[in-house]
Amino acid sequence: MYTRRKFIALSALGAALSSVSTRLMAKRPTSTSPVAVATWRNFAAVTTAGKLLEAGGSALDAVEQGVRVVEANPGDMSVGYGGRPDRNGDVTLDACIMDAQGNCGSVCFLQHIKHPVSVARKVMENTPHVILAGQGALEFALSQGFEREVLLTDASIREWKKWKKKAEYQPIINIENHDTIGMLTMDQQGDISGACTTSGLAYKLPGRVGDSPIIGAGLFVDNEVGGATATGMGEAVLKTLGSFLVVELMRQGRSPQAACEEAVKRIVSKQRFDNIQVGFLAMNKKGQTGAFCIQPGFVYSTYKNGKDELHKSNSFVKKARD
Ligand code: SD4
């Protein structure tokens, strides 16, 4: 029965919801100039995402489509198809995606699938889980219609065979741990999404998972504040949950630049850093971006106001090692 008490309760709920939605609406800019930013030299990725955003696409669709460009490119040997294998010669991929509502999905140690970011999105949208790993992630991908593919290329096999002659595990700064794509996008509604995708460190131990698919480490987005992503030695990022830290520092009022600098300082104050590279890239709710890295050499790409640009990140260590 529709009693007076129920009516009062429902009216109160209605009033509360409308005040929440008024507050949320008040926070939303009416039309924001879209932004796409990505680690390293990734013009095709930021331009693909940027054009989608300019056409009215969502930050989530743009970030997925942007990083897919790099996953499909065999010339990028740190991501997707053509990515450098582990020491056994198997390509194992890590990726994650996060939307403006705080939903996220991730896959790690995924083999044979060219677009791990899209599998991560399916994990987010079609399962109650956040992370799927290994065989389970592969079975899930196949069940969602993804094709099983060979991800090794002639070039990656050639390099791996060369590496095997000595089989020394010494990742080379800015080379063998280079080119993972972490991307952040902001759409015309001012909503932010992010994605990160990689084949991980070259010639890693089989089973190794890096920071890239771990929410808070390789990527974090909080739509009220901004987003951050990381590249480089995943172990160092994992130990400090770097991307989460950057977003929390922005929440406390730091600029994207200052937040990235502090996250790098946390790493260098606690870990040996002479032989590793880590770079952070961040964007806040105003579309302002910042980046900082340990060693010189990290660059990032932006697409803002209809044009793409490459930026050099400042570094904690001032001079490149020979
Ligand atoms: C990893 N962070 O697996 C990744 C590697 C990377 O550019 O960023 N490469 O540790």
What are the pairs, 6+ residues apart or on separate chains, where a residue within segment 152-170 that is of a type in the set (Val, Ile, Thr) has its Cβ under 9 Å from a residue that is open to solvent by less than 100 Å² (accessible area, probe 1.4 Å) and at pLDDT 90 or above? Ile157/Pro85; Ile157/Gly89
Unmet requirement for Pro256, which otherwise passes all of (1) open to solvent by less than 10 Å² (accessible area, probe 1.4 Å); (2) touching an Asp or Glu at 6+ places or on another chain (Cβ under 9 Å): (2)
Could you please tell me which pairs satisfy a Cβ distance under 7 Å, a separation of 6+ or placement on different chains, a first residue in segment 68-79 that is among the small types (Gly, Ala, Ser), and a second residue that is open to solvent by 10 Å² or more (accessible area, probe 1.4 Å) and at pLDDT below 85? Ala72/Tyr81; Ser78/His178; Ser78/Asp179
Options Lys162, Lys204, Lys122: the member that is among the charged types (D, E, K, R), farther than 16 Å from Val70 by Cα and more than 22 Å from the chain's Cα centre (by Cα): Lys162
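Residues checked against (1) over 15 Å from Gly102 (Cα atoms); (2) more than 10 Å from the ligand (Cβ to nearest atom); (3) modelled with pLDDT under 95; (4) out of contact with any Pro (no Cβ under 9 Å at 6 or more places or on another chain):
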{"position": "Asp179", "(1), (2), (3), (4)": "yes, no, yes, yes"}
{"position": "Met183", "(1), (2), (3), (4)": "yes, yes, no, yes"}
{"position": "Gly190", "(1), (2), (3), (4)": "no, yes, no, no"}
{"position": "Ser199", "(1), (2), (3), (4)": "yes, no, yes, no"}
{"position": "Gly210", "(1), (2), (3), (4)": "yes, no, no, yes"}
Give segment 216-232 a look and list any residue that's touching a residue at least 40 places away in the same chain (Cβ under 8 Å) and either open to solvent by 30 Å² or more (accessible area, probe 1.4 Å) or closer than 14 Å to Gly102 by Cβ (or both), or say none. Leu219, Phe220, Val221, Asp222, Asn223, Glu224, Val225, Gly226, Gly227
Among the residues of segment 92-128, how many are open to solvent by less than 10 Å² (accessible area, probe 1.4 Å), in a loop (DSSP other than H, G, I, E, B) and within 16 Å of the ligand (Cβ to nearest atom)? 1
Looking only at residues that are out of contact with any helix residue (DSSP H, G or I) (no Cβ under 8 Å at 6 or more places or on another chain) and either open to solvent by 60 Å² or more (accessible area, probe 1.4 Å) or without any contact (Cβ under 8 Å) to a residue 40 or more places away in the chain (or both) in segment 286-303, which one is nearest to Asp211 (Cα to Cα)? Pro296
Would you be able to say whether some residue in segment 274-283 is farther than 26 Å from Pro34 by Cβ, in contact (Cβ under 8 Å) with a residue 12 or more places away in the chain, part of a strand (DSSP E or B) and open to solvent by less than 20 Å² (accessible area, probe 1.4 Å)? yes
Do the conditions hold for Val237, that is, is it outside any loop (DSSP other than H, G, I, E, B), buried (at least 18 other Cβ atoms within 10 Å of the Cβ), within 13 Å of the ligand (Cβ to nearest atom) and free of Cβ contacts under 8 Å to residues at least 60 places away in the same chain? yes
Within segment 66-78, residues surrounded by 23 or more Cβ atoms within 10 Å (Cβ to Cβ), among the aliphatic types (A, V, I, L, M) and over 12 Å from the mean Cα position of the chain (by Cα) come out as Val70
Of all residues in segment 134-152 being in contact with a Phe, Trp or Tyr (Cβ under 8 Å, 6 or more places away or on another chain) and surrounded by fewer than 17 Cβ atoms within 10 Å (Cβ to Cβ), which is farthest from Val67 (Cα to Cα)? Gly134
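The values are calculated or read from the model by the stated rules, or taken from the named source; none is laboratory data. In this text, all values refer to a predicted model and were calculated from it rather than measured experimentally. All Cβ positions, even for glycine, are placed from backbone atoms using ideal geometry, and neighbour counts span all protein chains on display. Just so you know, the surface numbers come from the protein's heavy atoms only, side chains and all, with ligands and any DNA or RNA stripped out. Shrake-Rupley method; radii C 1.70, N 1.55, O 1.52, S 1.80 Å.
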